[in-house]
Amino acid sequence: MEVIKAAGLKKYYITDTYEIHALDGVSFSVDEGEFVAIVGTSGSGKTTLLNMLGGLDIPTGGGVWIRGNSLKDMESEERTIFRRRNIGFVFQQYNLIPMLSVYENIVLPLRLDGVEIDTKLLDQIIEMLDIREKMERLPETLSGGQQQRVAIARALMTKPAIMLADEPTGNLDSVTSMDVVELLKSCAARFHQTIIMVTHQDEVAQMADRSIRMQDGRILRDENQIKV
């Protein structure tokens, strides 16, 4: 079943001297349960694409549909609520609130939405990510890998259908990077989620089911990856 559809997606930035085509007519779809890696060098358009898919930015042309809902046709507040309830984000910089404990960071999206905390789900997530003993600590006392686990836990708590990860291993060593991607895959399988992950690391991208390679704002190659 198709979960995400991008059609003719464009994002142009106009300066005093020239026009930048960050995205230049990108079209593809993602089915439920897929793990897709978006790969490319800096400036290829991969992060811009992820921002469009997550409704963090509005396209110049074309559009994005999540489960048949057009993101660009929503009002700003409506899109924010839709995003919070349907999409989980994991960022390279973790984006944890430094003055909040691990527990407070994890449940923050639910409190912002006025939703009751599912303590059973919380227990499953912190057990799976092995952060139970970190719940009262502040983010700055954790390693990079531990902070990324907290960021994943926060994203999972809203029970999103889609997980968008922007360079989630960019600040981590190679061993921890593989651990984080394996955790994303395990969580997605357990909670029936779809993952789209931006990365510039080919070895990380190879762990996905499908790889979309970007270049100059366009899709250069889109292929399924055979797992041995």
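Every number in this text was worked out from the coordinates using simple rules, so none of it is lab data. Since the model is a prediction, treat every value here as computed from it, not as a measurement. Please note: Cβ atoms are built from the backbone with ideal geometry, for glycine as well, and neighbour counts cover all protein chains shown.
Couple of notes before you dig in:
- Equivalent ellipsoid dimensions for segment 1-121 as semi-axes, Å, which come from the Cα gyration tensor, largest first: 29, 18, 15
- The candidate values are (1) 17.4, 56; (2) 16.9, 50; (3) 19.4, 70; the one derived from this structure for Rg and Dmax of the Cα atoms in Å carries the label (1).
- Taking a point 7 Å from the Cα of Ser143 along the Cα-to-Cβ direction, the residues of segment 165-192 with backbone N closer than 17 Å to it are 169-184.
- The alpha carbon centroids of segment 43-113 and segment 188-228 are separated by 19 Å.
- Structure-based [θ]222 nm, the chain - -39500 (n - 2.57) summed over DSSP H runs of at least 4, per residue, nearest 500: -10000 deg cm²/dmol
- Compactness of segment 1-67, expressed as Rg and Dmax over alpha-carbon positions, Å: 12.5, 44
- Cut-off 18 Å (backbone N to label point 7 Å along Cα→Cβ of Glu32), residues of segment 190-205: 190-196
- The angle separating the long axis of helix 102-112 from the principal Cα axis of greatest extent in the chain is about 60 degrees.
- Extension gain, Asp130 back to Arg218 (0.36 nm per residue minus Cα-Cα distance, nm): 27.8 nm
- Against the chain, whose longest principal axis comes from its Cα atoms, helix 174-191 is set at around 90 degrees.
- 22 Å tail of the calculated P(r), segment 118-227, as % of Cα pairs: 35 percent
- For the chain, the longest principal axis of the alpha carbon atoms and the long axis of helix 144-156 meet at an angle near 80°.
- Each of Arg149, Arg137, Arg111, Arg83 has some number of other Cβ atoms within 10 Å of its Cβ, and from fewest to most they run Arg111, Arg137, Arg83, Arg149.
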